[in-house]
Amino acid sequence: MSVGVLALQGDFREHAEVLRSLGADVELVRRPEELARVSGLVIPGGESSVMDKLARAFGLAEPLAAFVRSGLPVYGTCAGLIMLADTVIDGIAGQESIGGLDIAVRRNAFGSQTLSFETDLDVPVLGDAPVHAVFIRAPVVETVGPRARALATLADGRCVAVEQDNLLGTSFHPEITGENRFHEYFLGKVAAAGFRG
Amino acid sequence: MTETTPAEQFGSSRVKRGLADMMKGGVIMDVVNAEQARIAEDAGAVAVMALERVPADIRSQGGVARMSDPDLIDSIIAEVSIPVMAKARIGHFVEAQILQALNVDYIDESEVLSPADYVNHIDKWNFTVPFVCGATNLGEALRRITEGAAMIRSKGEAGTGDVSEAMKHIRTIKGEIGRLSSLSKDELYVAAKELQAPYELVAEIAATGKLPVVLFVAGGVATPADAAMMMQMGADGVFVGSGIFKSGNPQARANAIVKAVTFYDDASVIAAVSRGLGEAMVGINVSDLAAPHRLSERGW
């Protein structure tokens, strides 16, 4: 059983390293036939408008949407969260998303890079120890629909992590801070989905 | 009890280096106005470099090249939602202060502009905004990182469309990193002295086999094949300066270079995107440039 990391652009190697350190077989995914071989997918941080454009140019957008619809686990960080959102606010002209998460995400919600930051977050589903979270020109979940649930919020109440069945999304980047618990949580979903069949 | 709001930390190394991490596998394009910035964003650039003249024009027009007009930078920031970079002269910390005040996302302390200080580079630790700096070899890269650069780009020779210097610099940097990995601890002390870089940084690179920051390639990339070759050489991404908007069909060429960087190891994709792009920039052979006109020799 292997898991994929979407490798069109962004920090996919960091995700692959975390997943491998947790014992997973990892495949970098740029083509539909590579996606067909994996039982879970991580969509990395990067530039969401670029990933969207490349996914559509290389025939991957529809297979990605089908992958999400099939119920296989998918975890998106930052740009990946945007890709998984049903509604994207402040996308570039013509930007589309794969969708699946019943949320509206605002792209680049904090402003320019000088407003990027790191902070500690409570993420109850991962246990008591706080998650050290890095936000880089990050998106924010503005609306959490009835099918999704918030996993973490900033001190001001804005939602920055969500879950909906086998879909997981964070505004921030556990893959660059040595925080493995989101990836463990994701791999747990992959294992459970595998048992179901 | 005081309020337990967790502290938010701005401008840390992790946040600065992290933005460069998110640009990996991408193309950063030079643009001189909002219209070009729109074309770049539509083509799939991960960021744009806002400047008044592309290096090819700086080269042909001569004179002192400086930071761009804030109005120009504002107009480009207003046009696109991808990150916007802008250039300050080497050592010109006030130009850098201005660019930070304009809310650019990255500052390029660039040899493409005329140096403002022939001894010192900018102390980049003093800024919240991250910096990218050029390097022709590992020692230069490590000195820039020591000064606070959060991203390195090999210099190449800007404004030429000749990829040979870019090749020389990425080969040099990668080769020197490889050599460090083979040295014993006592040899690393000497290597640090020779590289004119702190021992701790040299030892870290010897252990990890890579720079602690993202490494892009710049200076002379003009075709999808050039860009893919740099990626196969181990670059994390490419800057394309004059190569796009000095070509016959900037939109098509920008699109093609973005695709070639993602599929850098798939010759059938690179071949497909290389078709029908029209004229590449005319270019200048670096070997025809007299030494004073070689921008890569600025900075040390």
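The values are calculated or read from the model by the stated rules, or taken from the named source; none is laboratory data. Since the structure is predicted, the reported quantities are computational estimates derived from the model, not experimental observations. All Cβ positions, even for glycine, are placed from backbone atoms using ideal geometry, and neighbour counts span all protein chains on display. Heads up: the accessible areas ignore ligands, DNA and RNA and are worked out on the full protein's heavy atoms, side chains in. Shrake-Rupley method; radii C 1.70, N 1.55, O 1.52, S 1.80 Å.
In the elastic network of chain B, a GNM with C-alpha springs shorter than 10 Å, the most mobile of B:Asp108, B:Asp21, B:Asp71 is B:Asp71.
Remark on chain A: Rg and Dmax equal 15.1, 46 Å (Cα only). Estimated from helical segments only, the mean residue ellipticity of chain B at 222 nm is -12500 deg cm²/dmol, where each DSSP H run of four or more residues counts as -39500 (n - 2.57). Considering only alpha-carbon pairs that sit under 8 angstrom and 6 or more positions apart, the relative contact order computed for the stretch A:41-89 is 58 percent. Computed from point charges on the beta carbon alone (+1 for Lys and Arg, -1 for Asp and Glu), the dipole magnitude for chain B about its Cα centre is near 580 Debye.
Buried surface for the B/A pair, taken as the accessible area of each chain alone minus that of the pair with a 1.4 Å probe, is close to 3400 Å² in total. As an equivalent ellipsoid, the protein assembly as shown spans semi-axes of 36, 25, 23 angstrom, where each value is the square root of five times an eigenvalue of the C-alpha gyration tensor, largest first. Taking Rh as the Kirkwood radius computed over C-alpha pairs, what is the Stokes-Einstein D of the stretch B:43-130 at 20 °C in a medium of viscosity 1.002 mPa s, expressed in µm² per second? D = 161 µm²/s.
Using C-alpha pairs under 8 Å with a sequence gap of at least 6, the mean separation divided by the residue count of chain B gives a relative contact order of 19 percent.
Close amide H partners of A:Glu27, meaning residues 5 or more places away or on another chain with modelled amide H under 5 Å apart, are A:Val3, A:Gly4, A:Val5.
In this structure the amide hydrogen of B:Asp108, modeled in the peptide plane, comes within under 5 Å of the amide hydrogens of B:Ala86, B:Lys87, B:Ala88, B:Val132, none closer than 5 places in sequence on its chain.
The phi-based Karplus calculation (6.51 cos²θ - 1.76 cosθ + 1.60; θ = phi - 60°) puts the 3J(HN,Hα) values of the stretch B:272-288 at 4, 7, 7, 6, x, 8, x, 5, 6, 4, 5, x, 9, 6, 4, 5, 8 Hz, whole numbers, x for Gly and Pro. How many percent of all Cα-Cα pairs in chain B sit more than 27 Å apart? Everything past 27 Å amounts to 38 percent.
For the stretch B:8-14, putting each phi into the Karplus relation 6.51 cos²θ - 1.76 cosθ + 1.60 with θ = phi - 60° gives couplings of 9, 10, 9, x, 6, 4, 5 Hz, in residue order, rounded to whole numbers and with x for Gly and Pro. Taking only the alpha-carbon positions of the stretch B:1-157 and ignoring solvent, what does the Debye formula give for the base-10 log of I(q)/I(0) at q = 0.16 Å⁻¹? Here log10 of I(q) over I(0) equals -0.88. The string of couplings for the stretch B:70-76 from the Karplus curve (6.51, -1.76, 1.60, θ = phi - 60°) is x, 4, 5, 5, 4, 5, 6 Hz, one whole number per residue in order, with x for Gly and Pro. For the residues A:Ile103, A:Ile89, A:Ile43, a GNM of chain A with alpha-carbon springs under 10 Å puts the largest fluctuation on A:Ile89. Across B:Val119, B:Val261, B:Val217, mean-square fluctuation computed from a Gaussian network of chain B (C-alpha pairs under 10 Å connected) peaks at B:Val119. In the stretch A:20-52, burial by the other protein chains removes 30 Å² or more of 1.4 Å probe accessible surface, compared with the chain on its own, from A:Arg30, A:Arg31, A:Glu47, A:Val50. Close amide H pairs (under 5 Å, H built 1.01 Å from N) link A:Ala152 with A:Val160, A:Ala161, residues at least 5 positions away or on another chain.
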